[in-house]
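Student: Got a structure here, written out as structure tokens. Questions coming.
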């Protein structure tokens, strides 16, 4: 017959925690307390982001010593190849480098107005008068246009160190090879100016790329003057 094991005194004493004065019934016993720390997963750093704004492409040797000077120059004027400066080029979305209006089909509770000069049969208005006034002038100008709603045409920009996405109001085909990103804006604040500056950089990058024809950007502060402004932009495009 096996001998019973005696108490050698080496066993650890178990402490029992009780909460008799608490009303909650879901307090876990001491044995279910966290046993150690949960290891955090390392953050994945991606080398490519299609939503980043256009960047400066430097030479293949990786020489970047002139970066501060180039940034200061780009703040005052566009960079030019003639002076040995790198071109501003767009970063393309590898899954969908060029967008299309073919898949635009959505429902909305906002007020809509029919069109005759647009690829999309309705203009969705975000304000009481501005969008429909601009659409009316675009119809009068007999240009092909589209309201930039659900087109996924956004321009990334940065304001106060935070990344944002800017959505211009309209895309207008001024001529067979010239597309205008049009913004209808009465009052401009600092963030609006940051949006418009990013749009001009985007236009410069796309024009340097040269695969989507020519592009331009314009801010209209009075929809009643939009027809005249479009005519002026057409004349300026023929001079260039």
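The values are calculated or read from the model by the stated rules, or taken from the named source; none is laboratory data. Every value quoted in this text rests on a predicted model; they were computed, and no experiment measured them. Ideal geometry is used to build each Cβ from the backbone, glycine not excepted, and the neighbour counts take in all protein chains shown.
Student: Within region 147-206, considering only strands (runs of 3 or more DSSP E) that don't extend past its boundaries, which have at least 1 residues that are under 17 Å from the mean Cα position of the chain (by Cα) and surrounded by fewer than 17 Cβ atoms within 10 Å (Cβ to Cβ)?
Tutor: Working: elements: 155-159, 162-166, 170-175, 178-184.
Per the criteria, 155-159, 162-166.
Student: Restricting attention to region 219-229, does a residue exist that is surrounded by 15 or more Cβ atoms within 10 Å (Cβ to Cβ) and in a strand (DSSP E or B)?
Tutor: yes
Student: In this structure, is residue 202 out of contact with any helix residue (DSSP H, G or I) (no Cβ under 6 Å at 6 or more places or on another chain) and without any contact (Cβ under 8 Å) to a residue 12 or more places away in the chain? Walk me through how you get there before you give the answer.
Tutor: Working: out of contact with any helix residue (DSSP H, G or I) (no Cβ under 6 Å at 6 or more places or on another chain): yes; without any contact (Cβ under 8 Å) to a residue 12 or more places away in the chain: no.
For residue 202, the condition - out of contact with any helix residue (DSSP H, G or I) (no Cβ under 6 Å at 6 or more places or on another chain) and without any contact (Cβ under 8 Å) to a residue 12 or more places away in the chain - is not met.
Student: Going by the structure shown, is residue 240 at pLDDT 90 or above, surrounded by fewer than 19 Cβ atoms within 10 Å (Cβ to Cβ) and within 18 Å of residue 87 (Cβ to Cβ)? Full working, then the answer.
Tutor: Values: at pLDDT 90 or above: no; surrounded by fewer than 19 Cβ atoms within 10 Å (Cβ to Cβ): yes; within 18 Å of residue 87 (Cβ to Cβ): yes.
It is false that residue 240 is at pLDDT 90 or above, surrounded by fewer than 19 Cβ atoms within 10 Å (Cβ to Cβ) and within 18 Å of residue 87 (Cβ to Cβ).
Student: If residue 234 meets every condition in (1) under 25 Å from residue 102 (Cβ atoms); (2) at pLDDT below 90 apart from one, which number is that one?
Tutor: The single condition residue 234 does not satisfy is (1).
Student: On to the next question. Name every residue in region 111-121 that is surrounded by 11 or more Cβ atoms within 10 Å (Cβ to Cβ) and more than 20 Å from residue 179 (Cα to Cα), in order of residue number.
Tutor: Within region 111-121, 111, 112, 113 meet the criteria.
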